[in-house]
Amino acid sequence: MDSSSLSSIESLVHEIKKDLFSNQDNFNTFLTKTSTYDIAWTLAMIPFNNQEKEDNGPMFDSCLNWILNNQNEQGFWGESNGENLIPTIYSLPITLACMVALKKWNVGERHIIKGLKFIHANMYTILKENSQCFPCWFTIVFPSILQLAKAQGLEIIIVNGSNKLLSDVIMKKKALLESEKLNDNIVNEEDGSLFQSPSSTAQASMSSGNKKCLEYLMSIVQKCPNGVPSRFPVDEELKMLCMVDNIQRMGLAKHFEKEIEQILEQVYNNYQINNLMNNNEYLLSSSEEKISDDLPEKLLKDSLAFRLLRLQGYKINQGCFCWFLQQPQIRDKMEKNKEHFTYVMYNVYRATDLMFNGESQIEEARFFARNFLVNNNDNLSLFPALQKVIEHELNVPWFARLEHLDHRLWIELNQSIPLSIGKSSFYWLAHLQNENLMQLAVQNYEYRQSIYRKELEDLKRWSKEKGLVDIGFGREKTTYSYFASAASSSSFLPYESFLRLIVAKCSIVITVADDFYDEEASLSELHILSEAIQRWDAKNLDGPSKIIFEALDDLVCDVAKMYHLQHKIDITPQLRHMWKETFGSWMMESLWSRTSNLSSRDKYLQVGMTSIGAHILVLHAASRGCSILPNQMFGPINGQYENITKLLMTTTRLLNDIQSYQKEREVGKMNYTMLHFNENPRGQIEDSVDFVKVILGDKKKEFLENVLMDGFNDMPRTMKLLHLSCLNVFHMFFNSCNLFDTKSAILEDIMRAIYIPLGQNEQTQIMPPQQKKIKKKIEIVKVNACVNQVKNMKQEVGTGISFVKRQNPKNYNSFGWSTKEFASYNLRLCFM
């Protein structure tokens with residue numbers, strides 16, 4: 001691999017650790033999104049010494065300069081909708097506030113003219129597009145800032161049609177203020193803020209001269225020199241949790257394991273001491289008029305803490321974040337203020353992915369959060385980036401995702417977020433402005449791609465040498481198998497790991513051999529191969545049977561040899577036994593299919609959970625990727641597998657049988673869903689599917705608890721995560737909403753995972769023209785290499801795709817998300 005790339009990654013990791021984890025001021029800056037509206041009010045409007053005199057300038061002139069330097073080319077300040085730079089409704093009050101600040105100090109005349117042109121050209125269109133659902137913050141702020149702009153001498157022309165829409169906004173503001181029964185502003189005696197809002201505090205400071213307000217504002221400027229956030233201060237633990245969440249979702253957790261563990265240990269200890277008491281106090285005082293403004297912040301923190309701590313193996317109670325369900329007043333508050341709770345509910349929903357059996361509160365929270373998000377399209381349309389990530393969350397189950405592709409989606413999403421955000425986007429905290437972190441994420445992802453390309457070429461050579469490519473039948477899917485192995489394990493495996501190749505080789509042998517038993521061979525040929533496997537002797541084998549056996553023997557010898565070199569223990573008998581079991585299960589299923597004999601459901605499941613082959617993948621891989629393992633983990637010759645492995649075997653079989661019962665009925669294969677249907681002839685097939693889904697749901701919850709929590713087995717964490725990644729792959733293949741229609745679609749995902757480098761967001765990167773030319777040349781070279789790889793893969797996959805520069809492939813939206821999701825019917829079959 002390229003040593004310079006690795007050296008650059010290591011240097012960035014060192015720099016980020018030094019900047020973020022050892023310097024609290026940098027940590028605050030790193031985790032704080034700039035709010036243009038608060039800059040305009042907090043920094044630019046306050047005169048020097050808070051005295052309105054003609055010769056006085058702004059107290060915070062750096063903020064005035066920020067406004068001058070951050071106007072969009074179209075003339076507005078604030079948010080835009082992703083790459084197309086379409087202004088959101090929040091751009092109207094934000095742009096007016098910035099122009100008021102410039103007008104106050106008689107600077108930026110060119111900027112004001114440009115801003116007025118934007119307002120005059122776009123006010124009607126933006127108001128009209130959002131007339132069915134004006135956001136609450138906009139409703140309250142816009143009429144006031146418009147009136148202030150006119151008073152400041154800005155010539156705001158209300159074009160035809162806008163008057164009616166503006167009247168609607170004013171009427172809604174009046175109704176909103178009456179319903180909320182807003183109290184008089186009260187300055188926080190501890191920090192001098194008004195509702196911890198810089199803009200509100202600035203207005204209070206100018207009108208009252210309150211010294212505490214001014215001290216609060218000066219402290220923000222000192223701690224956040226690159227821009228003012230919409231809320232300050234923010235809970236320190238929430239900031240740390242947001243950072244950990246972002247690092248993990250970018251695929252960088254392996255680089256910061258020690259730092260993440262220290263943060264989560266501190267958070268866990270604090271939750272053990274404080275959280276239950278704080279939640280009880282909160283609920284006792286949660287009549288609707290007393291619900292505090294920190295409700296979104298508290299629930300966001302609790303849901304993030306639950307997810308991150310549980311993923312790390314901490315025992316955390318469901319009440320950690322489900323407390324909000326106990327008070328109807330809190331739920332009513334959320335429903336009335338959806339724009340402030342959308343990102344919060346998104347994280348509540350994510351937390352419910354990690355549900356164990358018996359956690360009914362989490363079931364209820366999941367139902368509530370999903371309904372909240374599904375019925376929130378009007379607010380989501382204002383934040384297209386957030387809308388895309390929520391749609392992805394709701395449409396693709398967490399169990400059915402490949403983390404390497406998820407990392408890419410999150411990086412690309414971060415690249416699309418504007419540098420400054422509106423008031424209601426405060427809780428979009430996970431998107432952190434840090435060039436080094438983004439640079440590390442891109443380099444890390446593309447370095448992994450380079451490793452994956454090399455390993456895939458090695459795997460192709462092995463398949464060719466062993467005759468599996470030219471065997472003449474079935475689904476030799478070398479690239480598909482490696483793609484699944486690499487894309488499901490990028491967060492916990494090191495860069496260099498032979499483990500991925502072991503999993504891919506096992507899946508190739510399983511695919512070819514399973515096809516031989518299902519479709520190609522006669523019963524006589526199957527008996528001969530099955531007996532040879534039981535003897536572990538290739539005598540009397542020829543043709544495909546000999547190719548399969550020799551490839552299998554080579555694989556087992558390699559795995560056993562590597563384990564022996566590392567631990568001085570021979571595991572050949574255990575590895576062979578797994579394969580003997582699996583070939584025996586294929587033989588049994590072939591006899592059932594060809595003789596039309598029906599088994600009981602229990603007998604079928606006992607055979608089927610072995611024939612699916614999941615245990616082969618994880619246990620062979622674990623022998624290479626983990627420390628010395630007890631023999632019973634491999635399944636002793638006369639014993640049982642660990643419960644976590646049996647749960648994996650059962651869930652993968654049931655996933656298959658829910659998805660494939662129609663196809664298998666047509667070809668005469670037995671299926672658990674069909675067996676239940678045959679035993680209940682008065683019912684409908686949908687009833688049988690639902691019956692199996694209930695069993696599967698309980699098994700998955702039990703499996704997840706075995707993976708994440710200690711005390712169920714003695715497996716190393718890496719081995720348990722291998723089990724989870726294996727279920728992710730099978731779940732993705734069998735997930736009905738993820739089916740591809742064509743081979744080209746799965747090829748596109750393979751290309752994005754292994755070949756196509758990450759696109760760069762030119763809007764967020766300022767570089768000299770010469771650097772841009774160099775960067776463009778590099779990108780052309782990379783894309784040309786991708787096109788060559790497509791040409792080389794045509795014969796293997798059966799189709800080719802043309803990629804031009806950095807355009808997204810067909811069937812992908814602007815964030816790189818496939819509209820057909822991740823898996824294809826053809827790819828699913830690779831593991832059947």
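The values are calculated or read from the model by the stated rules, or taken from the named source; none is laboratory data. Keep in mind it's a predicted model, so treat the numbers as computed, not measured. No Cβ is skipped: glycine too gets one built from the backbone with ideal geometry, and neighbour counts run over all protein chains shown. To get the accessible areas, we keep the full protein, side chains included, count just its heavy atoms, and leave off ligands, DNA and RNA. Shrake-Rupley method; radii C 1.70, N 1.55, O 1.52, S 1.80 Å.
Checking each residue in segment 115-137 for being open to solvent by less than 20 Å² (accessible area, probe 1.4 Å), more than 19 Å from A101 (Cβ to Cβ) and part of a helix (DSSP H, G or I) picks out M123, I126, L127.
Checked against (1) within 43 Å of the chain's Cα centre (by Cα); (2) open to solvent by 60 Å² or more (accessible area, probe 1.4 Å), H527 passes all but condition (1). Please go through segment 50-79 and give me each residue that is among the aromatic types (F, W, Y) and modelled with pLDDT under 80, ordered by number. Within segment 50-79, F60 is the sole residue that qualifies.
Just one of (1) modelled with pLDDT of 90 or more; (2) crowded, with 19+ Cβ neighbours inside 10 Å; (3) out of contact with any Cys (no Cβ under 8 Å at 6 or more places or on another chain) fails for E476. It is (1).
Can you find a residue in segment 183-198 that is farther than 30 Å from G57 by Cα, exposed (fewer than 15 other Cβ atoms within 10 Å of the Cβ) and either at pLDDT 90 or above or not aliphatic (A, V, I, L, M) (or both)? Yes, some residue in segment 183-198 is farther than 30 Å from G57 by Cα, exposed (fewer than 15 other Cβ atoms within 10 Å of the Cβ) and either at pLDDT 90 or above or not aliphatic (A, V, I, L, M) (or both). When you scan segment 555-608, how many residues do you find that are assigned to a helix (DSSP H, G or I) and farther than 17 Å from L619 by Cα? Count: 21.
Starting from segment 49-68, keep only residues that are open to solvent by less than 30 Å² (accessible area, probe 1.4 Å), then list their pairs with residues that are among the basic types (K, R) and modelled with pLDDT of 60 or more whose Cβ atoms are within a distance under 7 Å, requiring at least 6 positions of separation or different chains. Pairs that qualify, where the first residue is open to solvent by less than 30 Å² (accessible area, probe 1.4 Å) and the partner is among the basic types (K, R) and modelled with pLDDT of 60 or more: there are none. For I533, state whether it is touching a helix residue (DSSP H, G or I) at 6+ places or on another chain (Cβ under 7 Å) and open to solvent by less than 60 Å² (accessible area, probe 1.4 Å). Judged against the criteria, I533 is a match. Contact map, segment 356-373: first residue at negative phi and open to solvent by 70 Å² or more (accessible area, probe 1.4 Å), second residue of a type in the set (D, E) and part of a loop (DSSP other than H, G, I, E, B), Cβ cut-off under 7 Å, separation 6 or more or different chains; the map is empty.
Residue count for segment 95-139, restricted to those that are of a type outside the set (S, T, Y), touching a strand residue (DSSP E or B) at 6+ places or on another chain (Cβ under 9 Å) and farther than 20 Å from K164 by Cα: 3. Which ones in segment 543-570 are at pLDDT below 95, open to solvent by 50 Å² or more (accessible area, probe 1.4 Å) and within 14 Å of F516 (Cα to Cα)? Selection gives nothing.
Among the candidates A513, A521, which residue alone is open to solvent by less than 10 Å² (accessible area, probe 1.4 Å), over 30 Å from L722 (Cβ atoms) and in contact with a helix residue (DSSP H, G or I) (Cβ under 9 Å, 6 or more places away or on another chain)?
Matching residue, one of A513, A521: A521.
For segment 646-688, which residues satisfy the criterion of being at pLDDT below 95, closer than 30 Å to N713 by Cβ and β-branched (V, I, T)? I658, T673, listed by residue number. Do you know which residues across segment 674-713 are β-branched (V, I, T) and more than 18 Å from L647 (Cα to Cα)? Hits for segment 674-713 are I685, V689.
The set of residues in segment 677-706 that are of a type in the set (S, T, N, Q) and free of Cβ contacts under 8 Å to residues at least 60 places away in the same chain comprises N680, Q684, S688.
Taken over segment 489-510, the criterion of being among the hydroxyl-bearing types (S, T, Y) and either open to solvent by 10 Å² or more (accessible area, probe 1.4 Å) or on the phi > 0 side of the Ramachandran plot (or both) is satisfied by S491, Y495, S497. Among the conditions (1) modelled with pLDDT under 95; (2) under 18 Å from G584 (Cβ atoms); (3) small (G, A, S), S623 misses just one, which is (2).
Number of residues in segment 595-624 that are within 24 Å of S688 (Cβ to Cβ) and open to solvent by 10 Å² or more (accessible area, probe 1.4 Å) equals 14. Of all residues being part of a helix (DSSP H, G or I) and polar (S, T, N, Q) in segment 374-395, which is modelled with the highest pLDDT? Just the residue, please. Result: N395.
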